[in-house]
Amino acid sequence: MSPNFIDMSKQKTTIDIENELRVKELLAERKILMKDFADMIGVKRETLTRSLKGNPQYSTLKAIADGLNVSVPELFKTYKATPLVDGFVSVNGDTPIHVGSVTDLKKIVADLEKADK
């Protein structure tokens with residue numbers, strides 16, 4: 001094994017799948033109870049609940065998505081990535097200013113625009 005290779009099988013990652021799925025939200029939007037939805041897709045409510053709290057198989061996710069008339073990816077919450085900004089800005093040779101966010105960068109630009117007027 002290469003010294004730069006990270007063996008991910010030894011890494012412990014815990015993901016709470018229930019918090020990553022939008023099934024309850026989608027059911028609420030459609031005013032469908034979990035029990036009724038389980039009946040619609042041909043499983044027991046307990047089985048559906050258990051699979052949503054555990055590690056659902058793709059076939060289960062596909063059945064849920066089909067029952068809700070959405071794609072499998074639409075079952076998952078999406079997250080807006082925060083742009084990574086980290087560095088220093090020096091204007092006209094002044095002391096460098098640390099920039100750690102887009103907000104910091106916008107403030108610097110706004111200050112420069114004010115000074116330019």
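Here Thr95 passes the criteria (1) assigned by TED's automatic domain parsing to the domain that holds Arg22; (2) exposed (fewer than 10 other Cβ atoms within 10 Å of the Cβ) except the one numbered (1). Would you tally the residues in the range 52-67 being within 16 Å of Asp36 (Cα to Cα) and charged (D, E, K, R)? Adding up the residues that qualify gives 1.
Taken across the range 95-102, residues that are assigned to a helix (DSSP H, G or I) and modelled with pLDDT of 90 or more do not occur at all.
Evaluating Pro73 against the criteria (1) assigned to a helix (DSSP H, G or I); (2) surrounded by 10 or more Cβ atoms within 10 Å (Cβ to Cβ); (3) of a type outside the set (Asp, Glu) leaves one unmet condition, (2).
Here's a check for you: in the range 26-64, which residue that is small (Gly, Ala, Ser) and assigned to a helix (DSSP H, G or I) is nearest to Leu75 (Cα to Cα)? Restricting to residues being small (Gly, Ala, Ser) and assigned to a helix (DSSP H, G or I), the top hit is Ala63.
The values are calculated or read from the model by the stated rules, or taken from the named source; none is laboratory data. Values in this document were obtained by computation on a predicted structure and should not be read as measured data. Quick reminder, even Gly has a Cβ in these numbers, built from the backbone with ideal geometry, and neighbours come from all protein chains shown.
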